[in-house]
1. Look through region 68-104, keep the residues that are without any contact (Cβ under 8 Å) to a residue 60 or more places away in the chain, among the small types (Gly, Ala, Ser) and out of contact with any Leu (no Cβ under 9 Å at 6 or more places or on another chain), and return whichever of them is nearest to Glu116 (Cα to Cα).
2. Take the residues in region 56-90 that are of a type in the set (Gly, Ala, Ser) and assigned to a helix (DSSP H, G or I), then tell me which one is farthest from Thr103 (Cα to Cα).
3. Please state which of the following conditions Leu76 fails to meet, knowing it meets all the rest: (1) surrounded by 12 or more Cβ atoms within 10 Å (Cβ to Cβ); (2) within 30 Å of Ser32 (Cα to Cα).
4. Under the condition of being among the small types (Gly, Ala, Ser) and either outside any helix (DSSP H, G or I) or farther than 20 Å from Ser37 by Cβ (or both), which residue from region 91-136 is farthest from the chain's Cα centre (by Cα)?
5. When you look at Ala110, is it modelled with pLDDT of 95 or more and either more than 20 Å from Leu66 (Cα to Cα) or surrounded by 17 or more Cβ atoms within 10 Å (Cβ to Cβ) (or both), yes or no?
6. Modelled with pLDDT under 90 and closer than 25 Å to Gly71 by Cβ: is that true of Val134 in this structure?
7. Sort out which residues of region 47-63 are closer than 13 Å to Arg111 by Cβ and either surrounded by fewer than 11 Cβ atoms within 10 Å (Cβ to Cβ) or not polar (S, T, N, Q) (or both), and write them in order of number.
Amino acid sequence: MTARSSPTPSLSPLSPASPAASALPAHPKPLSPPLASGLRESQRSFSDYQSQAFPLRPPSFFALELAGECGELCNLEKKIWRAPERPYDAAHLAEEAADVLITLLNYCNARGIDLESAVEAKLEHIERRRQQGVMGAVSDGGSGGVP
């Protein structure tokens, strides 16, 4: 098992928002959905690599692999949730998150799913529902905002 260490605080745009910053206004203003551009190019690159490096695999293989990789990431999060005061291995979390993304891209390629288009459509749908007041604040599950 690798040594567990707390991550260095980051000021990157990928850092989770503080609990106070995540409060939703009573009347949400329209927002532009996040950009999904670039996914298509990444997906194509993964497809090229996969076809050259590995034998052809059916979508069901990647769906099962995705379930396993998600399970590994979730298991790490469960351990953090159980003992939030203990340091954790941020590099291990990043590695498992990368496994999930890689496997998702491989699954989409095997199924012929244009992930960029699918994500853009979904983000537009989410924004419409948010504007209608259907999507509200999500509970932090009692973690007190602890990531």
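1. Of everything passing the filter in region 68-104, Ala98 is nearest to Glu116 (Cα to Cα).
2. Let us first name the residues in region 56-90 that are of a type in the set (Gly, Ala, Ser), namely 60, 63, 67-68, 71, 83, 90.
If we keep only those that are assigned to a helix (DSSP H, G or I) as well, we get 60, 63, 67-68, 71, 90.
Working: Ser60: 12, Ala63: 8, Ala67: 9, Gly68: 10, Gly71: 13, Ala90: 20 Å.
The qualifying residue farthest from Thr103 (Cα to Cα) is Ala90.
3. So Leu76 meets the others, but not (2).
4. Restricting attention to region 91-136, the residues satisfying the condition of being among the small types (Gly, Ala, Ser) are 91, 94, 97-98, 110, 112, 117-118, 121, 133, 136.
Still in the list and also either outside any helix (DSSP H, G or I) or farther than 20 Å from Ser37 by Cβ (or both): 91, 94, 97-98, 110, 112, 133, 136.
On the way: Ala91: 15, Ala94: 11, Ala97: 7, Ala98: 9, Ala110: 20, Gly112: 20, Gly133: 24, Gly136: 20 Å.
Filtering first and then ranking leaves Gly133.
5. yes
6. No.
7. Of everything in region 47-63, those that are closer than 13 Å to Arg111 by Cβ and either surrounded by fewer than 11 Cβ atoms within 10 Å (Cβ to Cβ) or not polar (S, T, N, Q) (or both) turn out to be Arg57, Pro58, Pro59, Phe61, Phe62, Ala63.
The values are calculated or read from the model by the stated rules, or taken from the named source; none is laboratory data. It should be emphasised that the depicted structure is a prediction, and the values quoted were computed from it without experimental measurement. We place every Cβ from the backbone using ideal geometry, glycine too, and count neighbours over all the protein chains shown.
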